[in-house]
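Read the structure below first, then the notes.
The values are calculated or read from the model by the stated rules, or taken from the named source; none is laboratory data. Because the structure is predicted, anything quoted here is derived from the model rather than measured. A quick note on method: Cβ atoms are made from the backbone with ideal geometry, for glycine too, and the neighbour counts reach across all protein chains shown. Side chains are part of the model used for accessible areas, which takes the heavy atoms of the whole protein and leaves out ligands, DNA and RNA. Shrake-Rupley method; radii C 1.70, N 1.55, O 1.52, S 1.80 Å.
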Amino acid sequence: MRRIFEILKATIISTIVAFLFVSIICYIVMKTCKEKFDMATSLIKRITIQNEEVELVNPVLKNGVLINYPTYGSKYATLKIDSVDVNLPIYYGASYTILKSGIAHDNTSYFPGEGGSVILAGHNFKTFLANLPKAQIGDEIVIETTYGNFTYKIYDTKIIQESEVSEVPIQKDKEILMIYTCYPIHNIGYASQRYVVYANLIEE
Amino acid sequence: MNLLKGEKVEMKFLNMISNLILSFLLVIIIIVVIVFHLASTTILNKEYVLKKLKETEYYLQISREIQNAFENYRYQSGLPEEMIKDLYTEEMIQSDVNSIVDYIYEDKDIVISEQQVKEKLDTKIKNYLVSEGKILNKQGEKNVQEFEDLMMKEYYKNFNVSESGLKIAKDTLNKIIPIYVHLKYAPLFFLVMVFISIILLNIKDVLMGIRFVSISLLTTGILLKIGKSFVFSHIDIDNRIVLTASLSNSITTIIKEILYTIADYGTWFVLCGIIGIIITSILKNTKAREKKS
């Protein structure tokens, strides 16, 4: 018994010495390298992105300002142009994945009801916006959102080069809906032109 | 007599301090040896990286990402799906990825086969237009050319994901590898020196020397375990994306393997340390009892 106690005592003392070493080394490392480690961690967080699940929220329009923007990539509205048989979902964002599913909402533009430029884009195939050039001045466009319905009337159409971004301006003075698609419609290869439809808000 | 006793106590005290200092140094040297060993067998080793890329199916994933990207452009091009099929082979993908790895590790020129992809695509489009009886005007030809250029750039982009990033990786390795080559035997040399010093210092009581070595092993093991847990707690390695999903998968696999290896070494060192401490305690106790009797 006494022997076991002595062996245990020696073992515990040695273990305590080991933990003392650990504490000293950890203290020295934290004192000398903490700043460098924090810099490295923030650099890693800056050059990488977090792959996390995003919670879907419902947008709410209050005094002309949208509270709770839709989650990027989520469907938040439907685009209807009865005169050219268009009835498509509108997604927030403008990635290739979104454009394959429906109409993309340019996330640098405003939302319907906010009183600024609302810019939407879609592919020019048959089931999407192939018929957009057939829309006439005076035709109505309806955007049904989760927070309300908005009706617009077309007042202009244009064919622009893709680099002419000034023809699709972001502004907050007046609510203008701009919908564009690649042009020519039956183009083969890369279409460097865009067909743009401009519409004013007439009913909220 | 008292003076002699006093001198003996002083000698014992100095001996203890020296043992503690050497034991402490041994911990640091063992960690440096482990770091050198891990670095040389993993991130500084081109063959290891190529092996990991194969194991994580990087070549297959990058092929899928390229095909996805091609499909995005094809979608808006008015061309059928067949146009983007079989534009590249598995061998081309492997050769192009290996070219990037060779650039990072051996500073060789990057050679990507995007031009071959463009030529295949061009042939397919021309054949398609002929079969459909479509004749393009000047603007149409320009659109097709631009489409082919975009596809070519897209193919290239999937390998040379970040020019600046690759350059930083190459420059960093080019700085580290020569230093490693110069110093690779130094930690082992110091390890042997410190170990011999501990044994010589405790020549009259070798068990004490072995005990201090065991304390060093235990300390090293605990530090390795703490290190691995610290990294995992501060960086969510599983959920970080580096440039592309395929690259992230390979990089996180390599990092996790290194960290788990560190944790394994930690476990072994802790076990060896504890066993060493217990055995030396038992033997010392037995020796002391024999001396008493």
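Annotations for the structure displayed:
- Within the option set B:Leu243, B:Leu224, B:Leu217, being assigned to a loop (DSSP other than H, G, I, E, B) and of a type outside the set (S, T, N, Q) holds for one residue only, B:Leu243.
- Contact annotation: residue pairs with Cβ atoms under 9 Å, 6 or more positions apart or on different chains, pairing a residue in the stretch B:162-189 that is within 19 Å of B:Tyr103 (Cα to Cα) and without any contact (Cβ under 8 Å) to a residue 12 or more places away in the chain with a partner that is outside any helix (DSSP H, G or I) and not aliphatic (A, V, I, L, M), are B:Ile168/B:Ser162.
- Considering the stretch A:154-188, and only residues there that are touching a Gly at 6+ places or on another chain (Cβ under 9 Å) and of a type in the set (Ser, Thr, Tyr), the residue that is nearest to A:His123 (Cα to Cα) turns out to be A:Thr181.
- Residues satisfying the stated conditions in the stretch A:72-113, i.e. within 18 Å of A:Lys153 (Cβ to Cβ) and modelled with pLDDT under 90: none
- Looking across the stretch B:50-68, the residues that are over 23 Å from B:Asn174 (Cβ atoms) and open to solvent by 70 Å² or more (accessible area, probe 1.4 Å) come down to B:Lys54, B:Glu55, B:Glu57, B:Leu60, B:Arg64, B:Asn68.
- Considering only residues in the stretch B:134-150 that are in contact with a helix residue (DSSP H, G or I) (Cβ under 8 Å, 6 or more places away or on another chain) and under 15 Å from A:Ser192 (Cβ atoms), the one that is modelled with the lowest pLDDT turns out to be B:Leu136.
- Selected residue (criterion: nearest to the other protein chains (Cβ to nearest Cβ)) from residues of the stretch B:243-293 that are charged (D, E, K, R) and open to solvent by 70 Å² or more (accessible area, probe 1.4 Å): B:Arg289
- Hey, A:Thr97 within 30 Å of A:Glu175 (Cβ to Cβ), within 11 Å of chain B (Cβ to nearest Cβ), open to solvent by 70 Å² or more (accessible area, probe 1.4 Å) and of a type in the set (Val, Ile, Thr) or not: yes
- Filter result (over 11 Å from A:Gly189 (Cα atoms), more than 8 Å from chain A (Cβ to nearest Cβ) and of a type in the set (A, V, I, L, M, F, W, C)) within the stretch B:122-153: B:Val130, B:Ile135, B:Met152
- Filter pass, B:Glu71 being more than 14 Å from chain A (Cβ to nearest Cβ), in a helix (DSSP H, G or I) and loosely packed, with under 15 Cβ neighbours inside 10 Å: no
- Those residues of the stretch A:172-185 which are over 18 Å from A:Ile154 (Cα atoms) and either of a type outside the set (D, E, K, R) or surrounded by 12 or more Cβ atoms within 10 Å (Cβ to Cβ) (or both), in sequence order: A:Cys182, A:Tyr183, A:Pro184, A:Ile185
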